[in-house]
1. List every residue pair whose Cβ atoms sit under 6 Å apart, with the two residues 6 or more apart in sequence or on different chains, where the first one lies in segment 16-36 and is outside any loop (DSSP other than H, G, I, E, B) and the second, anywhere, is among the acidic types (Asp, Glu) and open to solvent by less than 10 Å² (accessible area, probe 1.4 Å).
2. Here are some conditions: (1) modelled with pLDDT under 85; (2) over 16 Å from the mean Cα position of the chain (by Cα); (3) over 20 Å from residue 144 (Cβ atoms); (4) not charged (D, E, K, R). Residue 115 meets all but one. Which one does it not meet?
3. Say whether the condition of being farther than 27 Å from residue 230 by Cα and among the hydrophobic types (A, V, I, L, M, F, W, C) is met by at least one residue in segment 149-168.
4. For segment 38-54: of the residues being in a loop (DSSP other than H, G, I, E, B) and open to solvent by 10 Å² or more (accessible area, probe 1.4 Å), which is modelled with the highest pLDDT?
5. Specify the residue that is farthest from the chain's Cα centre (by Cα); the eligible residues are those in segment 40-69 that are basic (Lys, Arg) and within 14 Å of residue 267 (Cα to Cα).
6. For residue 79, work out the one condition from (1) in contact with a strand residue (DSSP E or B) (Cβ under 7 Å, 6 or more places away or on another chain); (2) open to solvent by less than 20 Å² (accessible area, probe 1.4 Å); (3) over 17 Å from residue 147 (Cα atoms) it doesn't fulfil.
7. Residues to consider are 188, 149; find the one that is more than 16 Å from residue 15 (Cβ to Cβ) and open to solvent by less than 10 Å² (accessible area, probe 1.4 Å).
Amino acid sequence: MTSSKTELVVKSNRLNMAIQNLSLSEVRILQLAIVDARETGNGLSLDKPLSISALRYAEAFGVTRQTAHEAILNAEKNLFDRRFSFLDADEKLVKSRWLQRVRYLDEQASIEVILTYDVVNEITRIDGYETFFTKYLLAQTAKMQSTYSVRLYELLVQWRDAKKTPLFKLECFRQQLGVGVDEYKLMSNFKKRVLDLAVKEINETSDLTVSYEQKKHGKQIVGFLFKVLTKKKPKDTKQKDSYRDADTADMFTVEGLNDKQLGRIARNPQFITDYNHMVTPTSLAGQTQQGWEFEMINRLKKDTSQFKKRPIRDYLEY
């Protein structure tokens, strides 16, 4: 994905720090809802529900259509009942839900959702002071396989400029990560199964490098402090390893490839991940596999200059 405004997940820090308990697929559905609702305006009012298709999910997170379809089905069953709580501007505890309405569309393999007032209020104040918001690219968490990793990234990314966090008090921190009261009660289990796993995945897949130290009261651990650093971008922004030498070989042309081969390229999960930003979720190409293939084959034939993330023929092998 590129870093355009419409591809950013934007939540107020108040909402971002909320206590919640979501599965990985539910977190991803809400990420898509936030991104697409801001882009289209749908889902922000009762008369304009937002549609999230299995294809959109598959493209965004690089999973199979079957996995995406299962995520959509599970979200329709469970996400409506999920609750969260946060402190409002008056420091009063507010209990709320993520969705006020959800409907499964079997023929389209998608769900229609309308967000609740509290969620809409916190994600649409885009023009406020930037320091009040957590902003991150959807792509930064797309490869993460643990919901704890995504939640920890969301909690830490707002401190990237400060490079360190205040103390995350243990009990509240556990709830913010979505760890149940009866889960991982032993600190050794919590660190192994939740915290260390999340830190490792963030460091391997995102734009952040994070580490932590634990704070004790006597012998008891009461919380954690984190260092949050942004990884340096390579000086060669052309990514020589991926681009190789386009001037000495036709790495990015489709000459000699037939429609069947172009269709195979378009179906490659990595190709979908690399170029899903080129279509809107409400277009035919964003709704069906056939629409996606038709659109991409035509674009590849017409102008390959749009497809420069890696040599075109590399997508034939998967």
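The values are calculated or read from the model by the stated rules, or taken from the named source; none is laboratory data. As the structure is a prediction and not an experimental result, all values here were calculated from the model. Here the Cβ is made from the backbone with ideal geometry for all residues, glycine too, and neighbour counts use every protein chain on show. What goes into the accessible areas is simple: the full protein's heavy atoms, side chains included, and nothing from ligands, DNA or RNA. Shrake-Rupley method; radii C 1.70, N 1.55, O 1.52, S 1.80 Å.
1. Every condition considered, the pairs that remain are 16/154.
2. Exception for residue 115: condition (1).
3. Step one: filter segment 149-168 for residues farther than 27 Å from residue 230 by Cα, giving none.
Looking for residues that are farther than 27 Å from residue 230 by Cα and among the hydrophobic types (A, V, I, L, M, F, W, C), one finds none in segment 149-168, hence no.
4. 49
5. Checking each candidate, the answer is 65.
6. Among (1) in contact with a strand residue (DSSP E or B) (Cβ under 7 Å, 6 or more places away or on another chain); (2) open to solvent by less than 20 Å² (accessible area, probe 1.4 Å); (3) over 17 Å from residue 147 (Cα atoms), the lone unmet condition for residue 79 is (3).
7. Sole residue among the options that is more than 16 Å from residue 15 (Cβ to Cβ) and open to solvent by less than 10 Å² (accessible area, probe 1.4 Å): 149.
Let's see how each residue does on (1) open to solvent by 80 Å² or more (accessible area, probe 1.4 Å); (2) in contact (Cβ under 8 Å) with a residue 24 or more places away in the chain; (3) in contact with a Phe, Trp or Tyr (Cβ under 9 Å, 6 or more places away or on another chain):
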site	(1), (2), (3)
161	yes, no, no
164	yes, yes, yes
180	no, yes, no
192	yes, no, yes
204	yes, no, no
